[in-house]
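One structure is given below, encoded as structure tokens.
Rule-based calculations on the coordinates, nothing more; no lab input. Note that the structure is a prediction, hence the values are computed from the model and not measured. Neighbour counts are summed over all protein chains in view; Cβ atoms, including those assigned to glycine, are modelled from backbone coordinates with ideal geometry.
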Amino acid sequence: MDKTKKEPLIHITKRKMISKKREWAIRLGSILIALVVCAIITTLTTHLNPISVYASMIDGSFGSERKIWALLKELSILLMVSVALAPAFKMKFWNLGGGGQVMAGVLATTSCMILLENKMPSGAIILVSLIAALAAGALWAFIPAFCKAKWNTNETLFTLMMNYVATQLVAYFIIKWESPRGSGKIGIINPNTEAGWLPVVAGKQYLLPVLVAIVITIFMYIYLKYSKQGYELSVVGESQNTARYVGINVGKVIIRTLILCGLICGLTGWLLVAGTDHTMTTTIEAGRGFLGVMVAWLAHFNPIGMVLSGLLMVFMSRGGGEISTAFGLNKSFGDILTGIILFFVIGSEFFINYQIHFRKSHGKEAADV
Amino acid sequence: MKKKLIALMLCLAMVMMPLLASCGGGGSDDGGSSEEAKMKVGLITLHDENSTYDLNFINAFQESCDKMGVEAVIKKNIPEGQECYDAAGELVDEGCTLIFADSFGHEAYMIQAAKEFPDVQFCHATGTKAHTEGLDNYHNAFAAIYEGRYLAGVAAGMKLNEIKEAGNLKGATPKMGYVGAFTYAEVVSGYTSFYLGAKSVCPDVTMDVTFTGSWYDETAEKEGANKLIQGGADLISQHADSMGAPTACEEAGIPDVSYNGSTKSAAPNTYIISSRINWSPYYEYCIDAVQNGKAIDTDWTGTIETGSVELTELNEDVAAEGTQAKLDEVKAGLADGSIHVFDTANFTVDGAALDSYKADVDDMGDYEPETEVISDGYFHESEYRSAPYFDLQIDGINLLDTAF
């Protein structure tokens, strides 16, 4: 009898190296397959022409100057949160508290704007609210980082719970400062004096957040890639023991990195309140703390790559809104399409990292997939 | 490194694109060039069809646009933030000449858009600022829903009388429970008019009110209703929008006066009647005004006569006998002015009747009541602005909590 080793039909191995070209081919291929699947589902469930649905999604994001600006503003805010989370995740500190850190900045900014109106000039309020927002964001990140460094608490749960604390604090102050009374909303802050509102740069309302996001993204790229601190945090992420062995103070790196993260989130909250919305609601952060995690992961914590993954997210969300307007579909339909595309994009990472071999038959080499 | 540079350049290019576009294409308008195209009307809603509140606007809007032969463009799920201004701007870009928004928190962003686009009419439901803002193209609207609530209250009072006669009251005197959202004037006006309606036929009735702190929270509304039922309520009504209170009543077998539409299918054994605002008359009025170049009222208040305040189907199986006849009689009285909902002869505050009260009609964020609203023996609700401003705590109504 033939005494060969029994081999399973499918056999998965980790890839050692993959060329950039191949990596991108897999990614683009997965998006193409996702688009085909979306097209089939669109046709089956809505009987619409999928090409016109896609065209309308593109129109919703890029159809007019105003839409492009709205897209860029959304992208900038999301990008800032993602960029803020990147160093923490690179350090393998699962910071799910980006949302709460943004809300801390939102609350600090709102407090300064409301309490300091008529007490100091608008420029001074802007400065004070900026410092307060940075401090509040940093504090919200520092607390779980300190506990992690000191007592090795679970940062996932801790940062997650800090989100709820921040949201509830915001809810409390909304009721405290509500206008008109009993409405459960604070309305526009300082509508008449516009005290503490950020100036409009070059006549373009959303230019400022876009510029800030560009600066922060480039800064983070350089920080992670070329600075000593950026190197230290990646060593901590690879192995805390190695880090200790080479003389890195792990606790210090954790706290320092999280403070940086909180500062950027606080800055984001400041831009949201003083720059664009001029109000505070419990939903102003709009889940970006979680979405930002996905954006950062998809880009492998490369801030430049996050521009692309962030763009994909914002494009899908704005496009989804547009198809609900254009075709009278429920917003959930846009979410379904987003879900399918994300499934394939995230799934493609598996095929980038692993190789699938089929059982050799008739002595022939099976093709790699 | 080279790749990174290229990526960086791409980002910059993306940012510059709209800037360049705005420099180059200065003032050209590409959309809506054909004059014979249909008039376009926009609607901005906070949620989508899954919310009964927004559904009420969306259905009326579609219906009115179809009827008037104009094109409807609806932007759903627009939060009460800067996104509302963006959505309004996009609607203008698409050629809308009349734009509505449905949520209270949209107001500031609608005003911002109205200032930027003076040739477009902006109409905001439930808002308070049009009469002080002084813009020609910004308008508020509401309905005299307190009249609808009053009628619903009459139906509730008749039912309480029936329970009382049958000897099935939980306590010595009839007691109602009311699930409110916030301690906001719109809610206060709603529950007070409901109570006064019930009191007009059932003089010894009292009412407990609880607040959920949300316009839509099914669990909190259900819990609130259960709390009121346990506290001895013989009948429940609610302001909040979910099915929470009606289902709690159906489970406990307590009659319910609903809001925003019939809940008979979910509560066939307890649903009595419901009041709702029909926005179609307002939409048709505004579309007609824009089509014919007429001015739109700064504050428009729909009434029973305009068809804006409606009572939905009366459930004969649950309602007391003779309810429909009584409702018709009271409705006629409201129409001819012989009945005023907030007649000062019918309620007291801290044991005394009122002959003067100043309300915060001009909502300038100062909480300063400045407008005398009681004259000719009644409180003039929704006359000095369309949104309700009745915020008195009258005797007979007991607030269980006021945290919100």
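Work from the charge dipole of chain A (Cβ charges, +1 for Lys and Arg, -1 for Asp and Glu, about the Cα centre) and give the residue of A:104, A:12, A:313 farthest towards its positive end.
A:12
Using a 10 Å cut-off around each Cβ, can you sort A:119, A:6, A:331, B:115 from fewest to most neighbouring Cβ atoms? It would help to have the intermediate numbers written out before the result.
On the way: A:119 10, A:6 5, A:331 19, B:115 13.
Going from least to most buried by this count: A:6, A:119, B:115, A:331.
Cut-off under 18 Å on the C-alpha distance; same-chain residues fewer than 8 positions from residue A:6 excluded. Which lysines are left, in chain and number order?
Cα-Cα hits under 18 Å: A:360, A:364.
Obtain the nm distance between the two label points defined at residue A:226 and residue A:17 by a simple spin-label model: each point lies 7 Å from its Cα along the Cα-to-C-beta direction.
2.7 nm
Round to the nearest 0.05 the FRET efficiency obtained for residue B:403 and residue B:352 when R0 = 25 Å and r is the Cβ-Cβ distance.
Details: r = 28 Å, r/R0 = 1.11.
About 0.35, to the nearest 0.05.
What net charge do the residues around residue A:163 carry, taking every other residue with its C-beta under 14 Å from that of residue A:163, with Lys and Arg at +1 and Asp and Glu at -1? Don't skip to the end; give the middle numbers.
On the way: positive: A:288; negative: A:155, A:285.
In short, -1.
Which whole-percent values make up P(r) of the protein assembly as shown when all C-alpha to C-alpha distances are grouped in 10 Å steps starting at zero?
3, 12, 20, 22, 18, 13, 7, 3, 1, 0, 0, 0
What angle, in degrees between 0 and 90 and rounded to the nearest 10, separates the Cα long axis of helix B:218-230 from the longest principal axis of the Cα atoms of chain B?
In chain B, helix B:218-230 runs at an angle near 10 degrees to the longest axis.
For a quick check: sort A:344, B:122, A:350, A:62 by the number of other beta carbons within 10 angstrom, fewest at the front.
Numbers: A:344 20, B:122 30, A:350 12, A:62 16.
Lowest count first: A:350, A:62, A:344, B:122.
How big, in percent, is the set of alpha carbon pairs in chain A lying more than 39 Å apart? Can you show the working numbers first?
Values: 17542 of 67896 pairs.
That fraction is 26 percent.
Using 7 Å Cα-to-Cβ label points, what is the residue A:327/residue B:115 separation (nm, one decimal)?
3.9 nm
Would any residue of region A:278-295 have its amide N under 17 Å from a label point 7 Å out along Cα→Cβ of residue A:171? List them or say none.
In region A:278-295, the label zone of residue A:171 (backbone N under 17 Å from the point 7 Å along Cα→Cβ) covers A:280-287.
Could you compute Rg(Cα) / (2.2 N^0.38 Å) for region B:108-244, with N its residue count?
Details: Rg = 19.0 Å, N = 137, 2.2 N^0.38 = 14.3 Å.
Against the empirical 2.2 N^0.38 Å value, I get 1.33 for region B:108-244.
Can you pick out the pairs among A:21/A:73; B:199/B:264; B:175/B:264; A:331/B:38; B:129/B:264; A:331/B:129 whose Cα atoms lie more than 28 Å from each other? Please report the intermediate quantities before stating the final value.
Working: A:21/A:73 31 Å; B:199/B:264 24 Å; B:175/B:264 23 Å; A:331/B:38 26 Å; B:129/B:264 37 Å; A:331/B:129 31 Å.
Result: A:21/A:73; B:129/B:264; A:331/B:129 exceed 28 Å.
For the Cα atoms of chain A, what angle does the longest principal axis make with the long axis of helix A:50-62, in degrees from 0 to 90, nearest 10?
40 degrees
So how do A:278, A:47, B:340, A:300 line up by other beta-carbon neighbours within 10 Å, fewest first? Walk me through the numbers on the way to the answer.
Working: A:278 24, A:47 7, B:340 20, A:300 13.
So the residues, fewest neighbours to most, are A:47, A:300, B:340, A:278.
Per-residue counts of other Cβ atoms within 10 Å, averaged by peptide: what ranking do you get for A:125-136, B:192-203, B:158-169, A:103-114, highest first? Before the final figure, lay out each step's value.
On the way: A:125-136: 21.2, B:192-203: 24.6, B:158-169: 15.5, A:103-114: 27.3.
Most protected by this proxy first, the peptides run A:103-114, B:192-203, A:125-136, B:158-169.
Any idea what diffusion coefficient chain B gets from Stokes-Einstein, in µm²/s, Kirkwood Rh on alpha carbon pairs, 25 °C, 0.890 mPa s?
108 µm²/s
By how many degrees, between 0 and 90 and to the nearest 10, does the Cα long axis of helix B:323-336 differ from the longest principal axis of chain B?
60 degrees
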